[in-house]
Amino acid sequence: MPAKKENNGCGCASIPFSLIIVLFGFGYWGFTNIDKVDLGKFLLNNQQPTPENLTPAPTKQTPVINSPVGRIIPTPTATNKPQITPLPVTPKQSPSTQTAWEKKEIRGIYLSRYQATNNADEKTIRERVRYDSSQGINTIIHGVWGNGCTMYKSDVMQQTFGYKSCPNQFKEQWLEWLIDEAHKQGMQVHAYFEKGIKIDKNSPIFDEAIAKRWIVPGVDKTYPGIEHYVLDVEIPEVANLFKKILVEFVQKYPTIDAVQWDDYLGYHADLPGKVDRTTHLTTFVRQMRDDMKKANLNVSFDLCHHNPYWGKRYFAADWENWDAVREAYRKVYRVFIQTYNDANFNQELVYAEKYEGVAISDEQLYRLKELMNNPKIKSVLVFPSEGKPEETAALVKKLTVNK
């Protein structure tokens, strides 16, 4: 009998062919699904590693859509740690760390026409805005209209008078630069409709206004040494001019925060004829304000006027009734009380405490401490009567820091 041969193979010949196919198919399935198979179940007990020797594999973090943790927002510059929310340009301080001055809602400075931005390039305008911000100012009130014409290119002016603006050297984008930089600094820009419905003999529309009989008879001598002529808003052409100018402005500059009119939106009691123009002025302002709201609801319609008694008695400006539903539209109607007459300052404060704030001149800055420490005075506006706004801003900072 021949010697029995050693089986050097795997012994497959002795395994039924059908079983081989089953094993082969199972092996193929296991290979393609190896990440889904718990191999521990197929190992012998004496080959299975103990839990103490296991090293957990890294797992992929799955974002939770409704997680209470703030969404991570990438910042423009690379950081080692993710930022939950980007920091604002000018972070607000908590009330407990704010100074009395910083607690005022509006800390404004007026920039009259030609005063700071005439013939200024973009770099200069932006630097001046940043300077005002550094001095504790949070609102710039800049002249955009005065003496019967705009300080920007206006299609309404072109169609009505044949030229686009007052004679000036403003760069075409001056107001865009001003608004943009102010908003970057967390500030606001209010458009100042300086001189309102009044003009003088230097106005480029003076001769035409006389020829068209747009002028109320007589000379308005509200302020000694300045002779003004009042455009009669009872005349439809005049009323429509102002309405169209205001609508055009808030559409041309949709991100402007507010427009402000002052006591030049009014007549003078000593004009000839002793005509009571109060009702007509009220009707005009209501219509103009409503047209503005329809064009841009986000812009506040502000006044810086005399107290309600003096406004009505001497300027036909019954501004308490200029908005019959004032409370419903409060965000588009704010009143600041002029207190430039220092002799009546304390009496005017009584009114200012009831409204949005007070306007003072740079000659009254010694009163800042009193205003800062009065919680009923919500806002303070400063007018640089000397025509030096940067010096005025610096003095404001000196008088209000750490107070």
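The values are calculated or read from the model by the stated rules, or taken from the named source; none is laboratory data. A quick note: this is a predicted structure, and the numbers were derived from the prediction, not measured. Positions of Cβ are generated from backbone atoms using ideal geometry, with glycine treated the same way; all protein chains shown enter the neighbour counts. Surface areas here come from the heavy atoms of the whole protein model, side chains and all, with no ligands, DNA or RNA. Shrake-Rupley method; radii C 1.70, N 1.55, O 1.52, S 1.80 Å.
Quick notes on this one:
- Test for GLY162: is it at positive phi and in contact (Cβ under 8 Å) with a residue 12 or more places away in the chain: no
- The listed residue being out of contact with any helix residue (DSSP H, G or I) (no Cβ under 8 Å at 6 or more places or on another chain) and either under 30 Å from TYR131 (Cα atoms) or not acidic (Asp, Glu) (or both), out of LEU365, LEU371: LEU371
- Condition met for LYS212 (exposed (fewer than 14 other Cβ atoms within 10 Å of the Cβ), without any contact (Cβ under 8 Å) to a residue 40 or more places away in the chain and either of a type in the set (Lys, Arg) or closer than 28 Å to GLN135 by Cβ (or both)): yes
- Helices (runs of 4 or more DSSP H) within segment 146-218 that include 1 or more residues in contact with a Gly (Cβ under 8 Å, 6 or more places away or on another chain) and over 17 Å from THR255 (Cα atoms): 206-211
- None of VAL358, VAL275, VAL350, VAL259 is free of Cβ contacts under 8 Å to residues at least 40 places away in the same chain, within 23 Å of ILE199 (Cα to Cα) and not hydroxyl-bearing (Ser, Thr, Tyr) except VAL275.
- Only one of the numbered conditions (1) open to solvent by 30 Å² or more (accessible area, probe 1.4 Å); (2) aliphatic (A, V, I, L, M); (3) under 17 Å from SER165 (Cβ atoms) is not met by ILE226, and that is (3).
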